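The values are calculated or read from the model by the stated rules, or taken from the named source; none is laboratory data. Fair warning: this is a prediction, and the values are worked out from it, not measured in the lab. When we count neighbours, we look across all protein chains shown, and the Cβ atoms used for this are built from the backbone with ideal geometry, even at glycine. Just the protein is used for accessible areas: all its heavy atoms, side chains included, with ligands, DNA and RNA removed. Shrake-Rupley method; radii C 1.70, N 1.55, O 1.52, S 1.80 Å.
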Amino acid sequence: MSFRINSFEEYQNEYTKSVENPEQFWADKAGHFQWRKKWDKVLEWNFEKPDVKWFIGGRLNITENCLDRHLAERGDQTAIIWEPNSPNEEVRKLTYKELHEEVCRFANVLKNNGAKKGDRICIYMPMVPELAIAVLACARIGAIHSVVFGGFSFSSLADRINDAECNLVVTADGGYRGAKDIPLKVIVDEALQICPSVKKVVTLKRTGIAVNMQSGRDVWWHDEVKKATTEFVAEEMDSEDKLFILYTSGSTGKPKGVVHTIGGYMVYTAYTFQNVFQYKEAEVFWCTADVGWVTGHSYLIYGPLLSGATTLMFEGIPTFPDAGRFWSVIDKHKVNIFYTAPTAIRSLEAMGLDFVKPYKLDSLRVLGSVGEPINEEAWHWYEENIGKKNCPIVDTWWQTETGGIMISPLAGITKTKPSFATLPLPGIQPVLLDEKGNVLEGNNVEGRLCMKFPWPSIIRTTYGNHERCHDAYFSQFKGYYFTGDGCKRDENGYYRITGRVDDVIKVSGHLLGTAEIENAINEHPDIVESAVVGFQHDIKGWGIYAFVIDEHGRTDTDELKKEIIATVNKFMGAIAKPDKIQVVKGLPKTRSGKIMRRILRKIAEGDVANLGDTSTLLDPAVVDEIKLGAI
Ligand code: WTA
């Protein structure tokens, strides 16, 4: 009944056990947690519907496992270290005892403001400890949190609030990101003009800018907590009750509300946190992801807190006040495990070693990478200059839908190979399929990455539309979960993710649907149609190339491009800003009206000599025009 893997041999044994008897395997792991009532049955599953349930009949509250369970043993240990945007502002530290109190207090605030079990609560906040407190307080009262990244615009925020029919929003007056102040409450106010379900807004004072408070709807965090006690008995939840919704982009226009449930997510995030990073007692763990993304959910909040770890939360950005900030924070807080994205590594590499040299970085023991393929060059730079060839790199492959890390080395245990995520974790059964759905057996093969067996934190549904969950993940290859990624398996059985095979692109590690960006661009009054594709970008991994048709024949092209960028900012957020915009007269379409993206991708890559067969196009001449104007 052990939770921790300590050697490669143990990994192999555990992996075998997990495949031969998954129910016994996961029941053992789940036994390490505090349940109000133990489950009656470990697993029921059907990938055709899909319908997956873990730890059926189990009763619990995840926050008792994140907080209460640790109080006796580590009440005075630091749970969260908070590093502010400005290095001159004071660091905050919350012990497990303090975090427990604050979560209970805010749970009371939510209750006092009408929230109850099953409600959806939207959290739109900067990276401050109150964000973690709000997330955990939702879980404590049995409400479903839906965290929306603070970089999304009012329109994206409104879509997400409406899709989940949230009745409460937790936000802040503003947030700091480097030299910028983001006026969060203004954005919330604008969104709420089209969000009828929201009855209350709790606002934290962070930047102190003036905000409008709508009477009856808006209350201040600091006023409300004064009225609340620090005692709150956690709501008893079912293992399969929803814990959170997190929106992610897909091939079609609207983002999908990925739903995770309590029991399985808890067991899997803690298990992967402890094993992948080989977290040791009293170490400081730093995941640089924003809580608005799944990495922040699973490895900034839940995984570490479930494990009684000390987790570092950073409010700012890697380049403020200069490009040495990450390294200075590592030295300042003696970070032992550092988990970031390839795009951050590449952009800091590009800034030069002078920003790294002043720092010792000798507290580091393990380095992690997540969110996109890490190219060999970045891998070596990371390992040499940050890890000083002393720290194993865990290249962790997973997705919002998988809840936790799926394919990854175990730090110091699995032999690494640059740009390979290496081996599946225990419980994970990957298969590679060809386009027709045939399983590619053996090694040295490349295909579409699918999973043939459920793991505890697999997506349960897409909120409010189960059909979409089926169509997006379980319909292409019957009986399998399809990841949307292409993948190679080398001669040693190591996995290397080659990238998306659908119409989503990973831009600076953020998953963006091309259709979603096109919809935003089409909001511009002069644009009748657009097509967005990705092109390889040295720093961001992928950049956004937009082909747009301007119906009014504007001659001020530069101005038009600026307006298009502003439109995308308004309807999606700055993360979706096109890098290149080309105004075209027509798009390459087949006779049935489908845009041939393959051709646009080639043009965006500058590979115009190899466009392939264009004979099925309705009007092959448009291609010549586009080729000429390519940027
Ligand atoms: C990509 C982020 C290569 C992949 C946790 C996946 C990766 C998508 C890696 C999910 C990795 C994530 N190597 N590619 N180590 N990690 N990806 O939902 O394309 O934001 O399908 O979850 O990121 O992105 P998401």
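Based on alpha-carbon centroids, what's the gap between the range 227-298 and the range 578-631 in Å, whole number please?
About 42 Å separates the Cα centre of the range 227-298 from the one of the range 578-631.
Give the relative contact order (percent, whole number) for the chain; include only Cα pairs under 8 Å separated by 6+ residues.
Values: 1385 pairs, mean separation 77.7, N = 631.
Worked out over the chain, it gives 12 percent.
Tell me, what is the 1.4 Å probe accessible area of Arg598, in Å² to the nearest 10?
The value for Arg598 is about 100 Å².
What is the log10 of I(q)/I(0) for the range 48-207, computed with the Debye formula using one identical point scatterer on each Cα and no solvent, at q = 0.19 Å⁻¹?
-1.21
If you filter the range 157-251 for GluC sites (Glu not before Pro), then keep DSSP loop positions with at most 13 other Cβ within 10 Å, what is left? Provide the component values of the computation, followed by the final result.
Numbers: sites: Glu165, Glu190, Glu224, Glu231, Glu235, Glu236, Glu240; in loops: Glu165, Glu231, Glu235, Glu236, Glu240.
Loop-located and lightly packed - Glu231.
Under the rule that a partner needs its Cβ under 4.7 Å from the first Cβ, which Cys of the chain have none?
Cys66, Cys104, Cys138, Cys195, Cys287, Cys391, Cys450, Cys469, Cys487
Using DSSP, restrict attention to beta bridges with both residues in the range 38-152 and report what percent are antiparallel, rounded to the nearest 5.
70 percent
Find, to one decimal place in angstroms, the Kirkwood hydrodynamic radius of the range 508-629, where the mean of 1/r is taken over every pair of different Cα atoms and then inverted. Write down the numbers at each step before the final one.
On the way: mean 1/r = 0.0680 Å⁻¹.
Every distinct Cα pair counted, the radius reaches 14.7 Å.
What percent antiparallel are the DSSP beta bridges of the chain, to the nearest 5? Present the calculation step by step, with values, prior to reporting the outcome.
Details: 60 of 101 bridges.
Taking every DSSP beta bridge within the chain, about 60 percent pair in antiparallel fashion.
Would you mind putting 134-140, 81-87, 379-385 in packing order, based on average other-beta-carbon counts within 10 Å, highest first? Please report the intermediate quantities before stating the final value.
Numbers: 134-140: 27.6, 81-87: 19.6, 379-385: 18.0.
Highest mean packing first, the order is 134-140, 81-87, 379-385.
Based on DSSP, what percent of beta bridges with both residues in the range 508-629 are antiparallel, to the nearest 5? Each step should come with its number before you reach the end.
Numbers: 12 of 17 bridges.
DSSP beta bridges in the range 508-629 are roughly 70 percent antiparallel.
Within 10 Å, count the other beta carbons around each residue, average over each peptide in 357-370, 243-256, and list them highest first.
On the way: 357-370: 18.4, 243-256: 22.2.
Descending mean neighbour count gives 243-256, 357-370.
Tell me, what is the Rg over Rh of the chain, with Rh the Kirkwood radius over Cα pairs? Working shown, then result.
On the way: Rg = 24.0 Å, Rh = 25.2 Å.
Taking Rg over the Kirkwood Rh, I get 0.95.
Local charge sum around Phe8 (other residues, Cβ-Cβ under 12 Å, Lys/Arg +1, Asp/Glu -1)?
-2
Report the GluC sites (Glu not before Pro) located in the range 472-535 that are in a DSSP loop and have at most 11 other Cβ atoms inside 10 Å of their Cβ, or state none.
On the way: sites: Glu491, Glu516, Glu518, Glu523, Glu529; in loops: Glu491, Glu523.
Here the GluC sites (Glu not before Pro) that fit, given the DSSP loop and packing criteria, are Glu491.
Give me the distance between the Cα centres of the range 1-67 and the range 352-421, rounded to whole Å.
With the range 1-67 and the range 352-421 each reduced to a Cα centre, they are spaced 27 Å.
Please count, across the range 508-629, the pairs of lysine residues with Cα atoms under 20 Å apart that sit 8 or more places apart or on different chains.
Number of lysine pairs found: 23.
Taking the alpha-carbon distance from Lys41 and a cut-off under 23 Å, which lysines remain once sequence neighbours fewer than 8 residues away in the same chain are dropped?
Lys17, Lys29, Lys49, Lys53, Lys242, Lys452
Mind jotting down the distance between the C-alpha centroids of the range 474-510 and the range 515-573, whole Å?
Computed from Cα coordinates, the inter-centre distance equals 27 Å.
By per-residue mean of other Cβ atoms within 10 Å, what is the highest-first order of 195-205, 123-133?
Details: 195-205: 19.2, 123-133: 25.3.
So the order, starting with the most tightly packed, is 123-133, 195-205.
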